1. Given the options S182, S67, S158, which has the most mean-square fluctuation in a GNM of the chain, springs set between C-alpha atoms less than 10 angstrom apart?
2. I need the helices of the chain that pass two filters: whole DSSP H segments spanning 18 Å or more by Cα along the axis, and mean Kyte-Doolittle score no lower than 0.0.
3. Using 0.36 nm times the number of residues separating E97 and S182, minus their current alpha carbon distance, what extension gain do you get?
4. Can you tell me which lysines have their Cα less than 23 Å from the Cα of K92? Leave out same-chain residues fewer than eight positions away.
5. Spin-label point model (7 Å from Cα, Cβ direction): what's the F198 to E135 distance in nm?
6. Restricting the calculation to Cα positions, tell me the Rg (one decimal) and the Dmax (whole number) of the chain in Å.
7. Given labels modelled 7 Å from the Cα in the Cβ direction, how far is it in nm from E79 to Y36?
8. Quote the FRET efficiency, to the nearest 0.05, computed for A59 versus A173 with a Förster distance R0 of 35 Å and r equal to the Cβ-Cβ distance.
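Please treat every number below as a calculation from the coordinates, not as lab data. Fair warning: this is a prediction, and the values are worked out from it, not measured in the lab. Note that each Cβ is placed from the backbone with ideal geometry, even for glycine, and that neighbours are counted across all protein chains shown.
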Amino acid sequence: MTEPPIAHEPSPNLIAGRAPALFLDRDGVLIEEVEYLARPAQVKLIAGAAACIRAANVAGWRVVVVSNQSGVARGLFPESVLPDVHRVIAEKLGEAEIDGFYYCPHHPTHGQGHYRIDCDCRKPKPGMLVQAARELGIDLAKSWLIGDRLTDLQAGASAGCRTILVQTGYGLATTIRSPNPSLNLLAVVPSIAEAIPFALLHSH
């Protein structure tokens, strides 16, 4: 049984036509890692995130958050918490804009009730990226996935994106050398503040 990933309200200010995108993992990449973050008050942006996302906005890129949220499936917090968390992230970003928040609330073995499924959206599967590309007019071949885990990079590579590993969140414990053709991994950098400029500079 599969269910599609869930997308929250995309930005109304999308650029017409297919555009490149930066797909960002949420916890440990965009915001500081908190295990099973359950309260909006726990949200703290990674240093430099707002400025570099704003630069991507100005350059005409989509910026999309793609996040596994198995805390919902495990019964640690209700799914209704996630829109509030995403609203706080958007507020903290100020003029920097996220074009869509996509998340997977499922888990194939630890999920409860209808959340216990082997879905197509949970990374390392590329379902969230594919859905975002369809809904937001994204060119996956020109896009990048920025993550702190192997599963992030696998999802990005499976969708046809280039990938970057950051050393925030779980990134320091993820020992992968770049370049890595099997993961389309082109860089390992300290944080999102270096990852986004790298992607913008090395895109063509």
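1. Looking only at S182, S67, S158, the largest GNM fluctuation is found for S182.
2. Membrane-span-like by this criterion, though nothing is claimed about a membrane: 81-93.
3. 27.5 nm
4. K44
5. Label at F198, label at E135, 2.9 nm between them.
6. Rg then Dmax for the chain, in Å: 15.5, 45.
7. 1.8 nm
8. It comes to 0.65.
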